[in-house]
Structures are given as C-alpha cells and as structure tokens.
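Notes for the one structure printed next.
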Amino acid sequence: MLIVRSPVRISFGGGGTDLPAYYEQFGGSVLSAAINKYFYTVLTTRSDARIQVISSDLRVFETWHDIAKMNLRGSSLEIPLAVLKEMNCDIAVDLFLASEIPPGTGLGSSASVCVNILKTLTTYLQQTISKQDLAERSFYIARHILQKHVGKQDEYAAAFGGLNFISFHPDGSTEVEPIDLNPSVLTELQRNLMLFFTGSSHHSWTILQEQESSSRSQTGTAIDALHEVKALGIRMRSALQQGDIRELGTLLHEGWQAKRRISTKISTPRIDELYSLALQNGAVGGKITGAGGGGFLLLYCEPEFQGNVREAMRHQDVHEMNFAFDMQGAQAIVNDPFVSRDQRGGCRWTFVSTQTPVA
C-alpha cells in the first residue's frame, strides 16, 4: 500500500503574474504558503491488468488501453486520467482519491491533485523526481495536455511546501526562495491569519483566461494592476524578512484593491460585504484566495480582534477553517510492502515523521 499526500496553499501577493502571458513578457513572482489541508491518493495493486480510479462518489473503471484512447477533457476525473495517460505506464492498480477540501475554493486544489497523482505513480514505479520536476511536469499536464488557463504557482506550492517567494522568469524557468523566518515570527504570522469559506465554490478558468488576454495587450488597466500586484508581493517579502508582519496585513489590503482592478469577475457584492465587515471588526487586510469569484477569504487579524470577526462572520453564516503551515510539500506518508506484497511498490519500509504544526 502506498499513500501520498500533497498540500493546498494560500497566496499573499503576486497572483496572476504566474500566468505565461504575463511572466513571459515581464517576469512574475508570487509569495505563498502551503497549508496542512491535503489531497490524498491511496494506491494498491491489482491482478487483473486493470486500473480503477475511485474519487468520492464517482467510480471509473477502465483498462490502461481504454484510458490511452480516451478524450480526457471534461471528464470528472480528467486530472488523474491525464497523468496516467502522460506517463504511459502499464500497471494494474487501484487509486483511491480523497481531499480535505472541496474543489474550486481558490486554494490550488486542482494543482495539488495533479502533483499528488504524479508523485504517487513515480514513487510506485521507483522513478526519482525532484520537487522542481514534479512541479514543472504537473504544470505541463494542466497547461498543455488539459489546456487549462492556469499559472505555475499552485504546482510549486504543492510540490515544495513551506512559505516561499517564487519567481517566474521570461525564459520559462522558475526559482523558489524559501522565506526563512524566526520561529517566533512564523508563529505570530500564523496566529494572525484567518480563513473563512464564503460559501461559493467555482472553477477559475474563465477569470484566468480573461487575465491572459489582458496580459497580452501589454497596456491598460488590467496590466497596470498586475504590475502593482507584483510590486506589492515583493514588498510583502521584505516585510516578512524584516519581521514586520503587521505591514504584511496592510499590504494585503492594498493588494486586494489592486487585484479587483484586474477583472470585474474577481470580486462579488457578497465578497465585498464580507470583507468590509471583517475590516469593521478589526481585520487589517485580506483577500480572496485564488483567482477570485468565490472560495476562501484570507484575513490578517490580530488575536485581540479575532473574536469580533468570528462573531460577525457567524452572523453571516460564514465558517472559519483552522489551518497550519505545511513545510514538507508532496510526500509519501506510507509505503508499506507487507500490506500489498507488491515487489515493485513495496521494496522498503518508509517511516515519515509527522510535522508538528506551528502553535
């Protein structure tokens, strides 16, 4: 039995500049952190030359040859099937997929799925893959195989884990710079962050497609807003490195105002109402996670005001999700040869120590 998990992420600044239409012209950068909400794959072997993919209440049963001939786009399980097809591996396995969060919540769950399945299969096949290659290959599958209008930041967050400043260069290369904070500063940062689910899930493809079209124009309100979003992300990195986490909250607010100018679809009257309510009750700043339109509201709010914010959100029937930072990224947490007795996937015992969440 093989179990692999990969985290989702929250982004602070620079979102949208990780789209190729932007970074290939201007270079992009994103400040983000992986969090301890995970996508899981459980792999067990079969003896009938079939691959079975099970996800929640959906059940897909195909032979490898059937998958190879499938038109994957639009399928409920297009991501795992695309990874299987891209790897072109002749295996007989069950893949059980499970997530701690619903899709379309702006936390990069689609990328986490792709990174996770790829990590699972390369681990099972004993193929060494670096975190960089894991992220790049997952991005290639999403962007070029499934033809989604996605950026690169989510794949890198899921593969690497941690709090990172990620730079996307015009030549297509990507650089990951871990933000190494004093433990007390990291603890305070996490304590001052809150996540509230706005009650709406969505797929951000149309918003991202619109952003790409705007980026290609090279001028206009949207491209100016993206330049500002990138500059604010750089300032956020500096604030964190100097230990000034309250400044991060202020910059989050400025970044959200800039991001709203990229597209009219990024915010909604409901999101604006909830954000204003949070500010009225003591939050310093915040933003919607992901491309916008729904999902989670990320807030910077110091502990003495968090009770007020929670109460205000409760009256709006908006629920908080507790979280901690994930510092490990995609990893196999169980690789047990005794359970499945599979010679290829069970050549060794692997024990992975659990991460102690930041208090």
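For the reader, a short list of remarks on this structure follows.
- Filter result (modelled with pLDDT of 95 or more and of a type in the set (D, E, K, R)) within the stretch 117-151: LYS119, LYS131, ASP133, GLU136, ARG137
- Qualifying positions in the stretch 278-300 - closer than 21 Å to GLY106 by Cβ and surrounded by fewer than 18 Cβ atoms within 10 Å (Cβ to Cβ): LEU279
- Taken over the stretch 287-314, the criterion of being in contact with a helix residue (DSSP H, G or I) (Cβ under 8 Å, 6 or more places away or on another chain), under 11 Å from ASN192 (Cα atoms) and not charged (D, E, K, R) is satisfied by LEU298, LEU299, TYR300, CYS301, PRO303.
- Scanning the stretch 108-123 for residues that are over 11 Å from the mean Cα position of the chain (by Cα) and either outside any helix (DSSP H, G or I) or not charged (D, E, K, R) (or both) turns up ASN116, ILE117, LEU118, THR120, LEU121, THR122, THR123.
- Considered as a group, the residues in the stretch 301-336 that are among the small types (Gly, Ala, Ser) and more than 16 Å from ASN281 (Cβ to Cβ) include one that is surrounded by the fewest Cβ atoms within 10 Å (Cβ to Cβ), and that residue is ALA324.
- Screening the stretch 109-165 for residues that are basic (Lys, Arg) and over 24 Å from VAL334 (Cα atoms) and picking the one that is surrounded by the most Cβ atoms within 10 Å (Cβ to Cβ) gives LYS152.
- The stretch 187-216 - residue that is part of a helix (DSSP H, G or I), more than 20 Å from the chain's Cα centre (by Cα) and modelled with pLDDT of 95 or more and, of those, surrounded by the most Cβ atoms within 10 Å (Cβ to Cβ): GLU188
- For the stretch 225-243, a tally of residues being of a type in the set (Asp, Glu) and within 20 Å of the chain's Cα centre (by Cα) returns 0.
- Selection over the stretch 259-296 of residues that are among the aliphatic types (A, V, I, L, M), modelled with pLDDT of 95 or more and under 26 Å from VAL30 (Cα atoms) gives a count of 5.
- Entry remark, the stretch 236-277: residues being free of Cβ contacts under 8 Å to residues at least 40 places away in the same chain and either touching a helix residue (DSSP H, G or I) at 6+ places or on another chain (Cβ under 6 Å) or among the small types (Gly, Ala, Ser) (or both) number 8 in total.
- Out of ILE91, ILE141, ILE129, sole residue that is outside any helix (DSSP H, G or I) and either touching a residue at least 24 places away in the same chain (Cβ under 8 Å) or closer than 25 Å to ALA231 by Cα (or both): ILE91
- Looking across the stretch 166-186, the residues that are crowded, with 16+ Cβ neighbours inside 10 Å and in a strand (DSSP E or B) come down to ILE166, SER167, PHE168, THR174, VAL176.
- One residue stands out in the stretch 286-329 among those that are farther than 24 Å from GLN257 by Cα and polar (S, T, N, Q): the one that is nearest to the chain's Cα centre (by Cα), namely GLN328.
The values are calculated or read from the model by the stated rules, or taken from the named source; none is laboratory data. Since we're looking at a predicted model, the values are computed, not measured. A quick note on method: Cβ atoms are made from the backbone with ideal geometry, for glycine too, and the neighbour counts reach across all protein chains shown.
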